[in-house]
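The values are calculated or read from the model by the stated rules, or taken from the named source; none is laboratory data. These numbers were taken from a predicted model, which means no experiment stands behind them. Cβ placement follows ideal geometry from the backbone for every residue including glycine, while neighbour counts extend to all protein chains displayed.
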Amino acid sequence: MSQDTINQRLIFLLNALGMKAGSFSRALGVSETTVRNYLDRNSKPSSDILEKIAYTFEQVNLTWLVTGRGEPLLTDVPTQTNISGKKSAVNVLGNNHGTATQNNYTVADCEKERDAYKAERDQARQQVEHLQAQLATKDALIASKEETIKVYQFTFKLPE
């Protein structure tokens, strides 16, 4: 497919990123109708939308998006992260044939990272259970101490 217009380049970009109009619009924080207007009705994106694309998808070459010159995606861009700071898989253009591949982040990598997070979660749960047990022991010791104090106060007739 030729990318003569910015609308055609946006369609190409969504395919290269492995996204649909809905997920692209949510990532940008705009309505899906807005994105559909760019993709289907040849509306031109505003500078605000281009700025959102630049901030949201740092790997996109804006010169290519606006003019059609250069490569669609930049190669030396840090891995994109989501709000929580965890890495997210990002599809990037792997060759000049217009096919999308994953760049250094595969499904297996995602599964390993997921398993690591599950292990951390399980360890944290065990620590919480251990701390709860320690708190219960502490509460029992305090109750015992208070009972012992009452017994001494009664035995030696000490003021309370």
So residue 95, is it closer than 30 Å to residue 70 by Cα, surrounded by fewer than 10 Cβ atoms within 10 Å (Cβ to Cβ) and modelled with pLDDT under 90:
yes
Which one of these is under 30 Å from residue 16 (Cα atoms), within 35 Å of the chain's Cα centre (by Cα), surrounded by 10 or more Cβ atoms within 10 Å (Cβ to Cβ) and not assigned by TED's automatic domain parsing to the domain that holds residue 75: 120, 113?
113
Give segment 99-158 a look and list any residue that's modelled with pLDDT of 85 or more and under 30 Å from residue 72 (Cβ atoms), or say none.
114
Cβ-Cβ under 8 Å pairs, at least 6 apart or on other chains, segment 2-27 side β-branched (Val, Ile, Thr), far side part of a loop (DSSP other than H, G, I, E, B) and surrounded by 18 or more Cβ atoms within 10 Å (Cβ to Cβ):
6/45
Helices (runs of 4 or more DSSP H) within segment 1-54 that include 1 or more residues of a type in the set (Ser, Thr, Tyr):
21-28, 32-40
Selection status of residue 65, crowded, with 17+ Cβ neighbours inside 10 Å and closer than 27 Å to residue 107 by Cα:
no
